[in-house]
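Colleague: Starting off with a structure, shown below.
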Amino acid sequence: MTMNRRDVLSAGLGAAFALPAASRGWAAAEAANVRWASLTPGFTVLVTEFVRYHKLDQKNGFTLGTPVSYSSVPTYYSDFDVGNYDVCIGSWDTFAVRYLGGVPCKYICTITTGDMINFMSSKKAGMKSIEEVAGKVVAAPQSTGTYRMARAVLKEFHKIDIETAAKVQNVTNPAASVSLLRAGSVQAALTWEPNVSAGLAEDLDLQVLFNVGDAYTKATSGVLPYFGIAARRELLEKDKKIGSRIDGVFRDCIAGILGDVPAAVKIVGERTGFKPSVLTEAINSKRLSFKYMSMNDPEARKTTEKAIDFCVRNKLIASKPDEGFFYKA
């Protein structure tokens, strides 16, 4: 099932947090302690802390351990690759690349869209459209899959190759892009939420120039998936029910966050590395667009496969992953 804010508000959230043990059909003790992780700073901490606060793992019949906290993106993913933890929150295309490279994992569900990814600019620069980056200096973390995704969207749908139209200045992370823009060292910056909302709150001269996810949607009438959940294959094979239980945790998590954003943000405070007001604005602006899409839902699968075709066409992924990439209950 695909859930968005409207679905949540119309359906209510009581069921997600008040399931009696008998209706769940199994006790939490039946499943082994499952290892997972979070990436700091970043919104994944909101997700992990919301799950822990509401004990959504236990309500879905198993136990998640205390999430291991990482500050290095490469280490975060490489530890998942070698099996140092079982469940990873990350970009779906990163999981696809790793699956094709031999990492034994399956993609369970999507939880956010590509609307998180944005180009920002200074109002003083006078740019009104992404086409006006021609001849300008743009800060971007070029080593990331997010940069490659943004470049592909510009190239296919706007006929702009950012690397030939503009001068790209590489940075190490999305926060650094905003810092250079605020300092006046560049005229535009590629970043993603909550860094976008943080920049807008701290500097009134900044603006959103181009939303990558929105551009994809306008061009394809589809949603660009972004962050999602993958699990190690050995965990899924050891316990045949655990994949559905993990899926249920993130279904309930996204429903809960969207059902009461202020309450969700209050749980995590500033542990995401951002002020609560910034995180709230990121969600309310719909740039940090939470959207649960299970790979057991045919429509969600089609959405993901359409995005895979886009990535293969633009050489972001070497080939289309086979059926083994998708978790099926």
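Since every read-out is calculated from the coordinates, none of them should be taken as a lab result. For clarity, every value in this text was computed on a predicted model and none was experimentally measured. Counting neighbours? That spans all protein chains shown, and the Cβs are built from the backbone with ideal geometry, glycine included.
Colleague: At a 10 Å Cβ-Cβ cut-off, how would you order V82, V265, fewest neighbours first? Walk me through the intermediate numbers first.
Modeller: Values: V82 9, V265 24.
Sorted ascending by nearby Cβ count, the order is V82, V265.
Colleague: Specify the residue with the greatest mean-square fluctuation among K306, K291, K315, computed from a Gaussian network of the chain linking alpha-carbon atoms under 10 Å apart.
Modeller: Between K306, K291, K315, it is K315 that shows the largest mean-square fluctuation.
Colleague: Ignoring everything except DSSP H segments at least 4 long, calculate the 222 nm mean residue ellipticity for the chain; use -39,500 (n - 2.57) per segment, divide by total residues, nearest 500. Before the final figure, lay out the partial values.
Modeller: Numbers: 17 runs with 149 residues, N = 329.
Helix-only estimate at 222 nm: -12500 deg cm²/dmol.
Colleague: Can you classify segment 184-329 as rounded, prolate or oblate using the Cα gyration tensor, where a ≥ b ≥ c are the square roots of its eigenvalues, rounded means a/c under 1.5, and otherwise it's prolate if a/b beats b/c and oblate if not? Walk me through the numbers before you get to the answer.
Modeller: Numbers: a/c = 2.30, a/b = 1.34, b/c = 1.71.
Here segment 184-329 falls in the oblate category.
Colleague: Return S177, S72, S285 ranked ascending by Cβ neighbour count within 10 Å, so the fewest neighbours appear first. Write down the numbers at each step before the final one.
Modeller: Details: S177 29, S72 10, S285 15.
Fewest to most other Cβ atoms nearby, the residues stand as S72, S285, S177.
Colleague: I would also like to ask the following. Which of these, S294, S71, S91, has the largest mean-square fluctuation under a Gaussian network model of the chain (Cα springs below 10 Å)?
Modeller: Result: S71 has the largest fluctuation of those listed.
Colleague: Is segment 119-177 best put as rounded, prolate or oblate by its Cα gyration tensor, with a ≥ b ≥ c the root eigenvalues, rounded for a/c under 1.5, and otherwise prolate when a/b is larger than b/c, oblate when not? Each step should come with its number before you reach the end.
Modeller: Details: a/c = 1.76, a/b = 1.10, b/c = 1.60.
Note, shape of segment 119-177 comes out oblate.
Colleague: So in segment 116-220, what percent of DSSP beta bridges are antiparallel if you round to the nearest 5? Can you show the working numbers first?
Modeller: Values: 10 of 16 bridges.
Beta bridges within segment 116-220, antiparallel portion: roughly 60 percent.
Colleague: Go ahead and set up a Gaussian network model of the chain, Cα springs under 10 Å, then flag whichever of E299, E237, E281 fluctuates most.
Modeller: Answer for the Gaussian network model of the chain: E237.
Colleague: If you don't mind, there's one more thing I want to ask. Give the order of I257, I267, I308, I117 when sorted by the count of other beta carbons within 10 angstrom, beginning with the fewest. Let's see the in-between values first.
Modeller: On the way: I257 24, I267 16, I308 20, I117 27.
In increasing order of surrounding Cβ atoms, one gets I267, I308, I257, I117.
Colleague: On a 24 Å Cα-Cα criterion, which of the cross-link pairs K59/K266; K266/K291; K55/K240; K124/K218 come out too long?
Modeller: Details: K59/K266 21 Å; K266/K291 20 Å; K55/K240 21 Å; K124/K218 28 Å.
Long pairs (Cα-Cα over 24 Å): K124/K218.
Colleague: What number results when the radius of gyration of segment 116-220, computed over Cα atoms, is divided by 2.2 N^0.38 Å? Kindly include the intermediate steps, with their values, before the conclusion.
Modeller: Numbers: Rg = 12.2 Å, N = 105, 2.2 N^0.38 = 12.9 Å.
Compared with the compact-globule rule of thumb, segment 116-220 sits at 0.94.
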